[in-house]
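Q: Structure incoming, see below.
The values are calculated or read from the model by the stated rules, or taken from the named source; none is laboratory data. Only a predicted model underlies this, so the values are computations on that prediction, with no experimental measurement involved. Cβ atoms come from the backbone with ideal geometry, glycine included; neighbour counts cover every protein chain shown. These area figures cover heavy atoms from the full protein model, side chains too; ligands, DNA and RNA do not enter into them. Shrake-Rupley method; radii C 1.70, N 1.55, O 1.52, S 1.80 Å.
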Amino acid sequence: MSHSMTRALDRGPAGGARRHLGAVKAGRRFCGLLSGSRRYRIHSVFARALNLCDEDGREFLTLLPLSRGCGATYATLALAPEESFLDFELVPGLEAEARDGTRVQLGLEVVVDFSSALTWESRLSTMAPGQLSEANLLVLRRALLETSTASPFRGAVDGSDSGLAALLDALRAAVLAADGTRLGAALASLVGFGPGLTPSGDDVVVGMSLARAVFGRARRAGGRRDGGGLWEAGVRGVLARTHALSAFFIEEALAGRSHEFVEDALGCLLADGPQETGLAAGRLIGVGATSGFDIGVGLYLAAEWQRRYAWCSSG
Amino acid sequence: MVATVKNWPPTGAVVNLGSSVFARSMRDQGANVYEVEWRPPARGRLELIRALDALEGREDIDEANRVALERYSSAQPVLVGIGRARDVVPGFRDRMLLHAGPPITWERMSGPLRGAVIGAIMYEGWAGSAEEAEKVAAGGEVAFSPCHEHSAVGPMAGVVSPSMPVFIIENRAAGNRSYCTLNEGLGKVLRYGAYSPEVLERLRWMADVLAPVLAKGIELSGGIDLKSIIAQALHMGDEVHNRNRAATSLFIRAIAPYVIDTGYPLSDIRRVLEFINGNDHFFLNLSMPAAKAMLEAAHGISKSTMVTVMSRNGTDFGIKVSGLGDRWFTGPAQKVKGLYFPGFGGDDANPDIGDSSITETAGLGGFAMAAAIPIVQFVGGTPEDAVGFSRRMYSITLSENRFFSIPVLGFRGTPTGIDIRKVVETGILPQINTGIAHKDPGIGQVGAGLVTPPWECFEKALLAFAERYA
Amino acid sequence: MFKRLTIRKNAYYDSVALMSLAQEVQKLPGITDALVGMATDLNKDSARAMGFGGPELEEVGPGDLIIALLGDDAKSLDGAEKLVVARLEKKAGAGKQDARGHATYSSLAEVPIGEGGIAAISVPGPYAAREAKAALRRGLHVFLFSDNVSLEDELAVKEMGRREGLLVMGPDCGTAVIGGLGLGFANKVRPGRIGIVAASGTGLQQVLAVIDRLGEGITHAIGTGGRDLRREIGGITTLMGLDVLERDESTKVKMVISKPPHDDVRRRVIVALEEGRKPAVVCFMGEEGGLSGVGAGKVRFAGSLEEAAVKACSLAGEGGSREIYPQEQIEAMACELAAGLACRAGTASPGYLRGLYGGGTLCEETMAVLARAGIDVYSNVAWRPELFLEDPETSQAHTCIDMGDDYFTRGRPHPMLEPGLRVPRYLREARDPDVGILLFDVVLGYGCHPDPAGVMAEAVREAAEIARRGRRKLVQIAVLVGTSGDPQGLARQEKVLRDAGATVLSSNQAAAKLVALLLKLECKQ
């Protein structure tokens, strides 16, 4: 019996899904999904996050509750605090079916309605980084130090883990010395390091890559057109060491895109005052168990090194 | 002016049609909620809904259907003999070929039907070669007529030529008779459009030996009650369309003693019994005319909405309705969804073909699939599907069969008497179990599976019915 | 000795099932002998032995079912027959089960429900009348949630209901509470003495919420659909409903809620109320209250939903009426909120109002209150053409949107089911630098979203953040319509909204008055 036949029999009244969730904001990368030009399947389901993956297994889209922030590859949904994606019989592998360009059916239970969603605009895309404020950097550093987290990089920030601190310093030195081999070795010990779908080491690399991309944009606008430099090549060289989803986030960061809270933290660091920076840092550090913290570490180090050594503009 | 409200306050039982949100919330409040998985009636088409409304609550129609069903139910199909088609089939004449399905011209015939026509022309000696036979067929020298217009039925191509032997089935309750050729077995056979010398050779043997021996046996038996064999076979894993193994065995039990007494040479008797024994589908050519005899008794009841014919010629699917006389209501024959024999696939398949869907029309075949659960190995799906298919057919039928029952459904009678109103209203099409013919003549069966009639048949029939009786 | 023979033609049942059923029936009190079986010769003989006979028994055959009962009285026979029918229907209907283990049926015809039940119908409009008629034929009262039903169909269904003595609530009936069972979007209300006939779903919910808050309860709240009091329909359901309430012993006060009816129908409704024995409260929304109308007899007129509920409670109870938001309290709230409202540069206004409603009636009530205060409000449901929004997606000046209107619900669920669908629009309004007040309703009850306040609270937080970044002041007001018994938890829902920074009122009229005061504020800076 063909699959479509049995499914047609099982389908509820008039294709009626149990929940019709409103998308509040969506990044531009949802165009492919909505137009049907790119096919996506459910990659992973969490209580408060749902990842879709394209057929090549390389591009990801993420659905989050409104309070969890947006991004170019994110959409936020109006969910109540207790609502969970785990309640909807959604399982990895189910196809996300686009319907009339504005709606996406997930399994039999859920329709996500993008028809009135606001388009998420990146703050960084129009930003020309200027002078880094020391006060903002201090705020970010203090926020990181005041966080109690299980991340192994906690020790690298306060200096209690000299091994990890040395590893991070190797990144700095290798880029400044334009030593691709040493950079590659350091990145290889970092990417894929730690537990979870986005290992801690990956998150640090996300933070650094995003900061470099934003400063690099200024550099490219200034005439240099090297696109992928030493760092970018080094990072791409080790992406196979980690999960597809995490690799995707790193690629996005290399291209200057990340989750709203990450972009916001960097944006505030570059353009706002200490108060805004503190709020943004707090939101960032609250992401995930350790992810926000680790990305914050990457952002902080890259910005600090930029201020002192023009690190982001090197390599 | 103000009417008094009866039955107030309400009982607390609620039926919910539409959003299941409300069903849940009423259940949460402790109400006794019956939930209908609502779908738009008549596939949402308002023109059809108007026609349905016009036929709603009509006692004269219900009464007509009761009469039609009663004639079907009281029919007693008995195998009474074998005769030469030209001699026994009503309306048959020389240079005529009967075929499955609704009327069709040579030009529109599909591969297997053309092959069978060519084979039959050569068998009758109207042409010496296949090329010549094609010319004869195309030249208008041969009349084509549907089996169903001669009280006959034929599986797959269903071609009957004047000198072929046919079973004669008599409905002992009403006296009407029906006819069907003898089953040739599997492989290269005329009904799948094969016409090689071995096919014609077998047909000749069937006419020369099988038919006379069996005819004598039937005569000695005094007639064989097909209805009871079918009823028993349903309890033995057959649905007598795509699975006839039990029914064929029961038939052998019934006929063998008499065949032995026929006085024919033992070698002939032996070959005859081996031939039947070696062909699990032998009984198909008896279940079909039995169904036809029962349904023909129910045909022609004014105002009855019961379907009495469902049939395909490989190009069109046609149905007839008891209250709508001789009119065919047709639509394109569909692709069969199912399992293919090794080496064949969907591209090889001919669209749905054959009169064998007369079994479904009579509440057997796909309608009795829950009785024949092993069949899913042949047509695909799971045992649950088989039960589900049968169960769903109760939504489009007038009644539950009084004689044919399904053990796993608590010996519930098979869903019987397709009502065009119910088909259109529910949007559920009759479920047919069927074989798949290769689209080219002469290759034979390439698989088996499930198919439904095209929706148009029922849509057209309902509109015609409403026009006539609303 | 009473005996009864019932024959069901062409109804075939498995003999084993019938034998066990017959045994079950024989054990019933008052039944001396019973036979339930197909009319085979054997069974027919048994029936004759029980004393049955006649041509009826001669005609039936093995395809027909006979139910032969002997008992002490007619009542016992009734009971036994009912049991047989119920069991047999159960067998025929023994269908599929849904994922949660409840049986589901593929059509109304299969459902073994007896007369006097209710059919709750929420199928698409063009098909709804047909299902409603089928339900009436089955002897069921009809709750017709579906909209987009033509006026002719509505009339046909209601006339059929009237002939059959069955109530047709709807079409487009959002809410009803019958004998404590909430249908559609309905609140949990304690049993009490007020009986209601209402043409508006959310209007009724607001009334139920106030009644609950005042400690009173209801007998029935009968919905009629929005067009029942139009001339074409003539108030069929309203008048039948009032008759039900008049006869109902527990109902002490009757209430009618509707848009202003056609004059002929108005007369008929008022006369019906005056002819009854019980006092009544009438709220024709948009009309002033007071004691106008046909004398000051049994009918009191209310100018708002809140007032109607308060009046009904005072008639039902011994004590006097009390408003839930006295004028002084609203003024105090306005003063407090005004401190937070900065004037826009160069103007003396605190910014525009943007109201996003799920409940259409509440939206209209707000516009009516503001119109009385001399404030023009644009809307997709405005009754003054010059205030009608060209594009429902784009607000202008003061705007209130009914997001339950067709435009917003085509192919989408109603905002009461999915309040989240309002959130993008809410944030768009929050981003408008000219906006100073955001107003929205949160409606609780059965059938509604499980946590509407939770969904909207997220939006309130986000809007506050937008305003903070824009260095603007934004007042956010939530109208929370619900009762203490509602499954969402009234107190919890209120807290969630307050914690997010919204001002929460439980009366829409009070919220509208508050907005009017804020908009009238002179800028004191």
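Q: Restricting attention to the alpha-carbon atoms of segment A:121-274, what are Rg (one decimal) and Dmax (integer), both in Å?
A: Gyration radius and largest Cα-Cα distance of segment A:121-274: 15.3, 43 Å.
Q: Continuing with the same structure: Let me have the 222 nm mean residue ellipticity of chain C computed from DSSP H runs of 4+ only, each contributing -39500 (n - 2.57), with the sum over all residues rounded to the nearest 500.
A: -12000 deg cm²/dmol
Q: Let me ask another. What does the charge count around A:ARG99 come to, taking other residues whose C-beta lies under 13 Å from its C-beta (Lys +1, Arg +1, Asp -1, Glu -1)?
A: -2
Q: Cα atoms only, segment B:26-131: Rg and Dmax in Å?
A: So, for segment B:26-131, Rg and Dmax equal 25.5, 81 Å respectively.
Q: Here is a follow-up. When you count, for each residue, the other Cβ atoms within 10 Å and take the mean per peptide, how do A:293-300, A:122-129, B:367-374 rank with the highest first?
A: Working: A:293-300: 28.6, A:122-129: 15.1, B:367-374: 26.9.
Top to bottom by mean Cβ count within 10 Å: A:293-300, B:367-374, A:122-129.
Q: I'd like the Kirkwood hydrodynamic radius of chain C, using the inverse of the mean 1/r over distinct C-alpha pairs, in Å.
A: Over chain C, the inverse of the mean reciprocal pair distance is 25.8 Å.
Q: Would you please state the base-10 log of I(q)/I(0) at q = 0.22 1/Å for segment B:156-237, with intensities from the Debye formula using one equal scatterer on every alpha carbon?
A: The computed values of log10 I(q)/I(0) come out as -1.16.
Q: In peptide A:71-80, how many Cβ atoms from other protein chains are near each Cβ within 10 Å, on average?
A: So the per-residue partner count for this stretch is 4.
Q: If Lys and Arg each add +1 and Asp and Glu each add -1, what is the summed charge of the other residues whose beta carbon sits under 13 Å from the beta carbon of B:PRO77?
A: Residues close to B:PRO77 contribute a combined charge of +2.
Q: For chain A, what D do you get in µm² per second when you plug the Kirkwood radius from alpha-carbon pairs into Stokes-Einstein at 25 °C and 0.890 mPa s?
A: Values: Rh = 20.4 Å.
Translational D for this selection: 120 µm²/s.
Q: Chains B and C: what accessible area do they bury, summed, in square angstrom to the nearest 100, with a 1.4 Å probe?
A: 4900 Å²
Q: Now for a different question. Gaussian network model of chain A, Cα springs within a sub-10 Å range: biggest mean-square fluctuation belongs to which of A:THR149, A:THR73, A:THR62?
A: A:THR149
Q: Between the helical axis of C:151-164 and the dominant principal axis of chain C, each derived from Cα atoms, what acute angle in degrees is found, rounded to the nearest 10?
A: So the inclination is approximately 40 degrees.
Q: How large is the direction-averaged shadow of the alpha-carbon convex hull of the protein assembly as shown, in nm²?
A: Computed as one quarter of the Cα hull surface, the answer is 63.5 nm².
Q: When the C-alpha atoms of segment B:88-136 are aligned to their principal axes, what extent does each axis show, in angstrom, from largest down?
A: Computed over the Cα atoms, the extents are 30, 23, 13 Å.
Q: Mind checking the mean number of beta-carbon atoms from other chains within 10 Å of the Cβ atoms in C:135-145?
A: Taking all residues of C:135-145 together, the mean is 3.
Q: Of A:ALA135, A:ALA75, A:ALA174, which is the most mobile in a GNM of chain A whose springs link Cα atoms less than 10 angstrom apart?
A: With Cα springs under 10 Å in chain A, the top fluctuation among A:ALA135, A:ALA75, A:ALA174 is at A:ALA135.
Q: Cα axis of helix C:263-275 to longest principal axis of chain C: angle in degrees, 0 to 90, nearest 10?
A: 70 degrees
Q: Then there's this: Could you report chain A's accessible area per residue, 1.4 Å probe, as an integer in Å²?
A: Accessible area per residue, chain A: 40 Å².
Q: Take the alpha-carbon positions of segment C:108-315, form their convex hull, and give its projected area averaged over all directions (one quarter of the hull surface) in nm².
A: So the mean shadow area of the Cα hull is 10.4 nm².
Q: Something else about it: Give me the distance between the Cα centres of segment C:216-265 and segment A:40-101, rounded to whole Å.
A: So the separation of the two Cα centres works out to 47 Å.
Q: Determine the shielding of peptide A:63-70 by partner chains: average, over its residues, the number of Cβ atoms on other chains within 10 angstrom of each Cβ.
A: Across A:63-70, the average partner-chain Cβ count within 10 Å equals 2.
Q: Report, to two decimal places, the Cα Rg of segment A:7-119 normalised by 2.2 N^0.38 Å (N = number of residues).
A: 0.97
Q: Would you mind checking C:LYS278/C:LYS495; B:LYS460/C:LYS133; B:LYS135/B:LYS216 for any pair whose Cα atoms are more than 28 angstrom apart?
A: Distance filter (> 28 Å) returns C:LYS278/C:LYS495; B:LYS135/B:LYS216.
Q: If packing is taken as the average count of other Cβ atoms within 10 Å, what order do B:113-123, A:240-250, A:45-55 fall into, highest mean first? Each step should come with its number before you reach the end.
A: Details: B:113-123: 27.2, A:240-250: 20.3, A:45-55: 17.8.
Highest to lowest by the protection proxy: B:113-123, A:240-250, A:45-55.
Q: Over the Cα atoms of segment C:68-212, what is the Rg over Rh ratio if Rh follows Kirkwood?
A: 1.04
Q: To continue, here is another question. Return the carbon/sulfur percentage of the accessible area of the protein assembly as shown, one whole number, probe 1.4 Å, all protein chains in place.
A: Values: 24670 of 48770 Å².
Summing carbon and sulfur atoms, their accessible area is 51 percent of the total for the protein assembly as shown.
Q: What is the sum of charges, Lys and Arg at +1 and Asp and Glu at -1, for the other residues whose Cβ falls under 11 Å from the Cβ of A:TRP311?
A: Working: positive: A:ARG172, A:ARG212, A:ARG307, A:ARG308; negative: A:GLU304.
With Lys, Arg at +1 and Asp, Glu at -1, the net is +3.
Q: If you don't mind, another one. Compare the peptides C:199-205, B:33-39 by average per-residue count of other Cβ atoms within 10 angstrom and give them in order, highest first.
A: The densest-packed peptide leads the list: C:199-205, B:33-39.
Q: Mind checking the full-extension length gain between A:ARG58 and A:THR181? Use 0.36 nm per residue of separation minus the Cα-Cα distance, one decimal, nm.
A: Value of the extension gain: 41.6 nm.
Q: B:ARG71: accessible area at probe 1.4 Å, nearest 10 Å²?
A: Here the residue's solvent-accessible area equals roughly 120 Å².
Q: Could you identify which residue out of A:SER37, A:SER291, A:SER209 has the top mean-square fluctuation in a GNM of chain A using Cα springs shorter than 10 Å?
A: A:SER37
Q: Could you calculate the FRET efficiency of C:CYS335 with A:ARG123 from 1/(1 + (r/R0)^6), where r is the beta carbon distance between them and R0 is 22 Å, rounded to 0.05?
A: After rounding to 0.05, the efficiency reads 0.05.
Q: Semi-axes, largest first, in whole Å: what does sqrt of 5 times each Cα gyration tensor eigenvalue give for chain B?
A: Working: eigenvalues 339, 114, 92 Å².
Equivalent ellipsoid of chain B: 41, 24, 21 Å, largest first.
Q: By how many degrees, 0 to 90 and rounded to 10, does the Cα axis of helix C:74-93 deviate from the longest principal axis of chain C?
A: The answer is roughly 70 degrees.
Q: Follow-up. How far apart, in nm, are two points set 7 Å out from the Cα along the Cα-to-Cβ line at C:ASP432 and at B:GLN232?
A: Calculated label separation equals 8.3 nm.
Q: Given the -39500 (n - 2.57) contribution per DSSP H run of 4+ residues, what per-residue ellipticity at 222 nm results for chain B, rounded to the nearest 500 deg cm²/dmol?
A: Details: 17 runs with 174 residues, N = 470.
That calculation yields -11000 deg cm²/dmol at 222 nm.
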